[in-house]
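Taking it in order: structure first as structure tokens, then the write-up.
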Amino acid sequence: MEFVPEKGKAVHEDCATLVLPALSIGNVGQLAVDLLVSTLRAERTGFLDDPNILPCIGNDAYGPVPSGELALPLEAYGSPSNAVTLVQQRSPVIKGMMIEFAKNLADFAVSSGKKHIVVLSSLDFGKWRSIDTSSGLQTYYLSSSSSDGSDDQCEQFGWKRLPDFNPDQRCWKYLSTLAEGSNAAEGLPAEDDLEEGDYYPSLPFAALFSLFKAKGLKVTCLLCYCSEGDNMSDAFHLAEAVLKLLGVRKNLCGHGGEWIIPYSWKTVYGPPPDISIF
């Protein structure tokens, strides 16, 4: 993985926290990063070039006026005032290459001086076995702070540790073995052969968690359950959790404490239907 800086810019050394999405159902992690980039007024510092991610190109996601700037698959943004670097991923990893991609991303994090990695992702609502909607949308987490994935700070926020996390489970153990540089006797099971306990470690966030942790970095995964569809509310929920975790208040972002909606969200679902068809 190669970092290509914008002209006259570089990764801020004082931004010790890295926030990034792990692609999953509903793209909630990506939407949350978009919201954070826009609200924190983070500046794009460069691009990450990696052979394991599919190429894509698009218009600037944040500017209201076309300025000729293009969005690429992996972009790095910096918010020095909040000591945060954000990476936005706009296209999926090539099938079968998630481990290599995670290794490269972990190497980048170490080389750029990151200390705390916050991974944002979503889980399939259909896999939620114990449904409790009494307190609204729940935030789940997984932390490298302890062997069982728990973290005192996250518990104080009222978040719930990822259900059924077991580092000795076969897929978690496989990821840990690869992350430590050893050869695993067995690979991950095929999608059709996944058992009940294999769901979480089969997702991209699990590979990122394992590879970052193996580098000695603190890792916090923030997760929520969702379905496909309009997941903007889930994105607000995860973005709010990030600010809480990092101790950043929206009213310190310079615009009255309100979220700044990315301009690209205005066309997510296209224009309203022509009422004449009714």
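The values are calculated or read from the model by the stated rules, or taken from the named source; none is laboratory data. If you're wondering where the values come from, they're calculated on a predicted model, not measured in any experiment. Please note: Cβ atoms are built from the backbone with ideal geometry, for glycine as well, and neighbour counts cover all protein chains shown. With ligands, DNA and RNA removed, areas are computed over all heavy atoms of the protein, side chains included. Shrake-Rupley method; radii C 1.70, N 1.55, O 1.52, S 1.80 Å.
Measuring nothing but protein heavy atoms, the accessible surface of the chain at 1.4 Å probe radius is 51 percent carbon and sulfur. When you filter the trypsin sites (Lys or Arg not before Pro) in the stretch 34-107 for DSSP loop state and at most 10 other Cβ atoms inside 10 Å of their Cβ, you are left with 95.
So which of 115/160; 244/266; 127/160 end up more than 18 Å apart, counting from Cα to Cα?
On the way: 115/160 23 Å; 244/266 26 Å; 127/160 16 Å.
Violating the 18 Å Cα-Cα cut-off are 115/160; 244/266.
Residue ranges 221-233, 20-32 sort as 20-32, 221-233 when ordered by packing (mean number of other C-beta atoms within 10 Å per residue, highest first).
Calculated from the structure at hand, mean projected area of the Cα convex hull in nm² is found among [x] 25.3; [y] 26.6; [z] 17.3 as [z]. A Förster radius of 25 Å, combined with the Cβ-Cβ distance separating residue 138 from residue 265, puts the computed FRET efficiency at roughly 0.55.
Highest mean packing first, where packing is the average number of other Cβ atoms within 10 Å per residue, the peptides 162-171, 234-243, 105-114 line up as 234-243, 105-114, 162-171.
On a per residue basis, the stretch 62-176 carries 46 Å² of accessible surface, using protein heavy atoms and a 1.4 Å probe. In whole angstrom, note down how far apart the Cα centers of the stretch 157-178 and the stretch 27-83 are. Cα centres, the stretch 157-178 to the stretch 27-83: 29 Å.
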